[in-house]
Each structure stands twice: as C-alpha cells, then as structure tokens.
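Read the structure below first, then the notes.
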Amino acid sequence: MAGEKNLTVLLSSMTGALVEGVFVFVTLKDMSLPANIKPKMMFEEAEGTTYILRKEDAEAAKIPFEFPSRMITLEIHSSLDAVGFMARIATDLAKKNMGVNPVAAFYHDHIFIPDGREEDALRVLKEIAADAMSQT
C-alpha cells in the first residue's frame, strides 16, 4: 500500500493528533532497557542506542534523558519518499522558534516538539493545511 507523494495533497489533507504523555530521548551504550519499558522508537548509532521513552519510565528507571517532548502523529499516509513534506512542517515550526524531531514510520510521520508547545504546534499544522487547501 503506497503512501501519498503529492505535496499539496499531503499538506492540505494532514491533521495532527496529539499522543498522550510526555516523551524523552535517551541513549544507552552497553546497557539495555529494563524489560518493563517499551520504547516508542529505537535507533542504533555508533555512539549508542537512542530510545524514545515515556518520561515517567525513564525517571522510574533512573535513566538520564533529554528533550521532554510531546508527540504529534501526522494523520496522512505519507510515502517514505515524499519530497518536501517534513521540510515544510519543520520550516513553519522553526518560524515560531520551535525545534522539532521528526520520526518517519511506514504509514505516518510523527513529530516530537518541546513539552508545553503542543498547542502552538497543532495550530501551525492547521495553518499549513489551510494554506495548502487554499492553493488547490
């Protein structure tokens, strides 16, 4: 099942869904996660394995973390080789002085934005969609 590649369709049809909870980024070298922690994402790098975890899980396991963030799922099935989708979103969020850590999965893109800025980010996503819709 191929995802959408047309940038105008992607932007105009996209909605953002805020995922419950606060997430954090951790990296572990030579240490695995406790069995009771289920990461949202895992990626192996030369420096160690990066995990995105719920903040409460990292705190309970006393794992040092960075970037308390909120996860927003972009509710459109974007193609893995769609061009410009995440660039437009990151650019518009940057204009509002908001960093974003995107994660692409098979069906959806997900963005992690600073905790406390989730409503701002959702507003920007709505503005992007409305702007793209007006150009069709």
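Readers should treat all values here as calculations from the given coordinates under stated rules, not as data from a laboratory. A quick note: this is a predicted structure, and the numbers were derived from the prediction, not measured. Cβ atoms come from the backbone with ideal geometry, glycine included; neighbour counts cover every protein chain shown.
From least to most packed, judged by other beta carbons within 10 angstrom and beginning with the fewest, 120, 57, 92 follow the order 120, 92, 57. Whole-Hz Karplus values for the range 121-133 come out as 5, 4, 5, 4, 4, 5, 5, 4, 5, 5, 5, 5, 5 Hz, taken residue by residue from phi with 6.51 cos²θ - 1.76 cosθ + 1.60 and θ = phi - 60°; glycine and proline positions read x.
Give the relative contact order (percent, whole number) for the chain; include only Cα pairs under 8 Å separated by 6+ residues. Let's see the in-between values first.
Details: 239 pairs, mean separation 44.9, N = 136.
Worked out over the chain, it gives 33 percent.
Each principal axis of the range 49-97 carries a Cα extent, and these read 39, 26, 20 Å when sorted largest first.
Net charge around residue 27, counting only other residues with Cβ within less than 12 Å of its Cβ (Lys, Arg = +1; Asp, Glu = -1)?
Working: positive: 29; negative: 30, 44, 45, 47, 66.
Taking every other residue near residue 27 into account, the sum is -4.
Restricting the calculation to Cα atoms, the range 87-133 shows an Rg/Rh of 0.95 when the hydrodynamic-style radius is the Kirkwood one. In order along the range 48-55, phi translates into HN-Hα couplings of x, 9, 8, 10, 9, 10, 5, 4 Hz, rounded to whole numbers, per the Karplus curve 6.51 cos²θ - 1.76 cosθ + 1.60 with θ = phi - 60° and x for Gly and Pro. Close amide H pairs (under 5 Å, H built 1.01 Å from N) link residue 41 with 52, residues at least 5 positions away or on another chain. Residue by residue, the range 66-77 carries 3J(HN,Hα) couplings of 9, 6, x, 9, 10, 9, 10, 8, 8, 7, 8, 7 Hz when phi is fed to the Karplus relation 6.51 cos²θ - 1.76 cosθ + 1.60 (θ = phi - 60°); x denotes Gly or Pro. Do the alpha carbons of any pairs in 40/95; 29/62; 95/126 sit beyond 18 Å of each other, and which pairs? Among 40/95; 29/62; 95/126, the Cα-Cα distance tops 18 Å for 40/95. Taking other C-beta atoms within 10 angstrom as a stand-in for reagent exposure, 83, 22 fall in the order 83, 22, fewest first. Which FRET efficiency value, to the nearest 0.05, do you get for residue 130 and residue 59 by plugging their Cβ-Cβ distance into 1/(1 + (r/R0)^6) with R0 = 35 Å? The calculated FRET efficiency here is 0.35. Sites listed here are GluC sites (Glu not before Pro) in the range 18-100 whose DSSP assignment is loop and whose Cβ has at most 16 other Cβ atoms within 10 Å: 20, 47, 75. Database remark: amide H of residue 75 closer than 5 angstrom to the amide H of 15, 16, 17 (H placed geometrically; neighbours at sequence offset of 5 or more, or on other chains; Pro and chain starts carry no H).
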